[in-house]
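Undergrad: Handing you a structure now.
The values are calculated or read from the model by the stated rules, or taken from the named source; none is laboratory data. Since we're looking at a predicted model, the values are computed, not measured. With ideal geometry, Cβ positions are generated from the backbone for all residues, glycine too; neighbour counts draw on all protein chains shown. In case anyone asks, the SASA skips ligands and DNA or RNA and just uses the protein heavy atoms, side chains included. Shrake-Rupley method; radii C 1.70, N 1.55, O 1.52, S 1.80 Å.
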Amino acid sequence: MLELNRKIRAAQLLTLHDALFLCPHCRGTLHLSDDHSMVCPANHRFDLARDGYLPLLGRPYTGSERYDRELFIARRRVHQFGFFQPLQEAIEQELRPLTSACQLYRLLDAGCGEGSLLADLISRLVTRTEAPILGVGLDLAKDAILTAAKQDAASTLWCVGDLAAVPCASQSFDVILNILSPSNYPSFHRLLAPGGQVIKVMPGPHYLQELRQLLYGDHTVPMKGTASMARFRDAFPVCRQRRITGRMVLEGPLIHDMLRMTPLAWRAPAAALEAIHRLGQLEVTLDWVLVVGQSN
Ligand SMILES: [Zn+2]
């Protein structure tokens, strides 16, 4: 019954935002048919999933098999604990000046994972502004979107799709969020409306340094931050950045969830992982770099 409601709600949102989604095969505009399928002019057909998300990948999944349900559920528990709270507040501050000026405020979370951050942001924006808002959460991993779609997020559509060929019309978003996730700047430029913004978050140099020390005996394991920032500045020369730092104590099962969700732990020696699993408490450094780029 819940699934049916989610599907109907997604279909209602889609009728309001017709022509936003493109066919992943031929890039024709998709329209919602009476039987809750999205159909393009060449008659490629994509059934709205039971939980109301759009399966628009159009090719077999080629990402890591590590990105499974278990990982995204662990990620959600870490989110619910409040690990990303300082980051979420910083993102919200960046959004605030925009919300009052828009007719329809459209956000894309590119690489949304299990979608908690986007869902929380949208629900807070909905209560704060009278402007209509639409969130679209896109991820390559079906298990991410499946997990995302099962939360009852207002005004949000979830879509399995490819960042290199996002199945959305050009200039259709005011803001693109790209949080601790790979980027595709040509896609972002195509998708942003004039005057739009991309908000990217990447790990800072001290992010989870205690965990890196325990896993590899070296807290300086590189985080690719400098190269990522240079690529961002090349793509969006008009930009500004800020740093969000803090400390947080993780306890018991949350340490397990953190190890499960972070790619940092994937290549760690088994003995180091076991030693961390035995810890009752782990204090970690939060360090994120938030960068906001302006479209032309
Ligand atoms: Zn098509």
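Undergrad: Exposed loop GluC sites (Glu not before Pro) only (DSSP loop, at most 13 other Cβ atoms within 10 Å): please give the longest stretch of the chain free of them, not including the sites.
TA: 131-296
Undergrad: Using only alpha carbon pairs under 8 Å that are at least six residues apart, calculate the relative contact order of segment 52-196 and give it in whole percent.
TA: Normalised by residue count, the contact order of segment 52-196 is 29 percent.
Undergrad: Give the carbon-plus-sulfur fraction of the accessible surface of segment 54-294 in %, rounded to a whole number; probe 1.4 Å, heavy atoms of protein chains only.
TA: Carbon and sulfur: 54 percent of the exposed surface of segment 54-294.
Undergrad: Right, something else. Note down the net charge around Tyr216, summing +1 for each Lys or Arg and -1 for each Asp or Glu among other residues with Cβ under 14 Å from its Cβ.
TA: Taking every Cβ under 14 Å from that of Tyr216, the sum is 0.
Undergrad: Compute the signed sum of charges (Lys and Arg +1, Asp and Glu -1) over the other residues within less than 11 Å, Cβ to Cβ, of Met38.
TA: Here the charged neighbours net out to -2.
Undergrad: Also, I was wondering about something else. Which of the listed residues, Gln88, Thr62, Val136, is farthest toward the dipole's positive end in segment 40-185, when Lys, Arg count +1 and Asp, Glu count -1 at the beta-carbon?
TA: Toward the positive end, the furthest listed residue is Thr62.
Undergrad: Report, as a whole number in µm² per second, the diffusion coefficient that Stokes-Einstein gives for segment 54-294 at 10 °C and 1.306 mPa s using the Kirkwood radius over alpha carbon pairs.
TA: D = 86 µm²/s.
Undergrad: Probe of 1.4 angstrom, ligands and nucleic acids ignored: what's the accessible area per residue over segment 1-109, in square angstrom?
TA: The answer is 53 Å² per residue.
Undergrad: While we're on this one: Divide by every residue of the chain the summed helix terms, -39500 (n - 2.57) for each DSSP H run of at least 4, and state the resulting mean residue ellipticity at 222 nm, rounded to the nearest 500 deg cm²/dmol.
TA: -11000 deg cm²/dmol
Undergrad: Taking 8 Å as the Cα distance limit and 6 or more residues as the minimum spacing, I'd like the relative contact order of segment 247-296 as a percentage.
TA: About 60 percent, as a whole number.
Undergrad: Still on this model: Please tell me the relative contact order of segment 54-294 in percent, rounded to the nearest whole number, where contacts are Cα pairs under 8 Å and at least six residues apart.
TA: 21
Undergrad: Under the Kirkwood approximation applied to all pairs of distinct alpha-carbon atoms, what is the hydrodynamic radius of segment 13-138 in Å?
TA: 16.7
Undergrad: Treating only the Cβ of Lys, Arg, Asp and Glu as charged (+1, +1, -1, -1), what charge dipole size does the chain show about its Cα centre? Round to the nearest 20 debye.
TA: About 460 debye.
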